[in-house]
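A quick write-up on the structure given underneath.
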Amino acid sequence: MAITLISHPNCYRHLAGDDHPEQPARLSAINDQLIRSGMEFIVQQRDATPASKEDIYRAHSNLYVDEIYAKAPASGYIWLDPDTQMMQHSLDAALHAAGAGINAVDLVLEQANQQAFCSVRPPGHHATRDQAMGFCIFNNIAVAALHAIEQHKLERVAIVDFDVHHGNGTEDIFAGDERILFCSSFQFPLYPNTGDVTQGDNIENLPLPALCKPAVWREQILAHWLPRLQAFKPQLILVSAGFDGHREDDMAQFLLTEDDYQWIAQQLKQLADKHCQGRVVAMLEGGYALSALGRSVVAFLKGLM
């Protein structure tokens, strides 16, 4: 068993403004907690390489990708949507974030019983095929999934998204695609106020109310996700790992703790051991309370062990 943490210094260079919750300090908080917990001596670490434009085209329309390249500013800021800014380093950071998922897929498919965690930003799961949304420029998990399918010829890839916000972009890209099973749990109603109506038979959404307790969250996952995942028999499990459902995170009102993130990692690892030789790739999405984020990532990694 080996867990590799994939990141890149350029992911720190994307800045969305001093008051923006999606800060470089998020990655620092994860690194600090890895050191504090002793996990830095257990996980292997490597730098991401950037995705190519052709890699991004798999998940997004050519027109959208070309517009992002054309709009990327040499100085100052531009707004892609009311929550999502770009500055001179944003495109490079977004390409490294998406590239980390590609690197991770290649890595875990090289041999059995491999897992990887991509500690990257900007996040990705709100980016639709044609639109930046919710801090997200490119849909990192979708790029990784389509790389696994098109380059490695996989036929069944599961994407599990436990961010407290619905992974609307991932659903937009994959709704109706039978090669993908997409499972998303999220607070509803809450930004982006989607997911209550499912867009395809390959989607398993779990909209849950504010103040959702850990026992309810776990019960819903056991009742709805795990049977679908078992029946799907994925050849690879990808995870949109958002930790903003933690009770200390004020971006939403779930009541989860780091123990719950360790639990979900254990469930996914058991599935992976049964169906895909232990292969799991997780990519950072949300999580904005810095201490809780660092503790939750460490707990999740321990769960994969």
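The values are calculated or read from the model by the stated rules, or taken from the named source; none is laboratory data. In this text, all values refer to a predicted model and were calculated from it rather than measured experimentally. No Cβ is skipped: glycine too gets one built from the backbone with ideal geometry, and neighbour counts run over all protein chains shown.
Just the residues that are in a helix (DSSP H, G or I) and either among the acidic types (D, E) or closer than 23 Å to L80 by Cα (or both), please, taken from the range 1-26.
Passing the criteria: N10, C11, Y12, A25, R26.
Kindly evaluate D83 against the criterion of being more than 24 Å from F174 (Cα to Cα) and either surrounded by 13 or more Cβ atoms within 10 Å (Cβ to Cβ) or over 19 Å from the mean Cα position of the chain (by Cα) (or both).
Taking the combined requirement at face value, the residue does not satisfy it.
Tell me which residues, restricted to the range 282-300, are of a type in the set (A, V, I, L, M), buried (at least 24 other Cβ atoms within 10 Å of the Cβ) and in a helix (DSSP H, G or I).
Result: L293, V297.
Residues that are without any contact (Cβ under 8 Å) to a residue 40 or more places away in the chain and among the aliphatic types (A, V, I, L, M): does the range 231-242 have at least one?
yes
So A70 fits all but one of (1) in contact (Cβ under 8 Å) with a residue 12 or more places away in the chain; (2) surrounded by fewer than 19 Cβ atoms within 10 Å (Cβ to Cβ); (3) of a type in the set (A, V, I, L, M); what number is the exception?
(1)
Say whether the condition of being modelled with pLDDT under 95, within 20 Å of E155 (Cβ to Cβ) and part of a loop (DSSP other than H, G, I, E, B) is met by at least one residue in the range 232-243.
No, the range 232-243 contains no residue that is modelled with pLDDT under 95, within 20 Å of E155 (Cβ to Cβ) and part of a loop (DSSP other than H, G, I, E, B).
Hey, could you check the range 259-281 for residues that are in contact (Cβ under 8 Å) with a residue 60 or more places away in the chain and not in a helix (DSSP H, G or I) and say which is surrounded by the fewest Cβ atoms within 10 Å (Cβ to Cβ)?
Among residues in the range 259-281 that are in contact (Cβ under 8 Å) with a residue 60 or more places away in the chain and not in a helix (DSSP H, G or I), the one surrounded by the fewest Cβ atoms within 10 Å (Cβ to Cβ) is Q277.
Just name the residue that is farthest from M251 (Cα to Cα) out of those in the range 204-235 that are aliphatic (A, V, I, L, M) and touching a helix residue (DSSP H, G or I) at 6+ places or on another chain (Cβ under 6 Å).
Restricting to residues being aliphatic (A, V, I, L, M) and touching a helix residue (DSSP H, G or I) at 6+ places or on another chain (Cβ under 6 Å), the top hit is L229.
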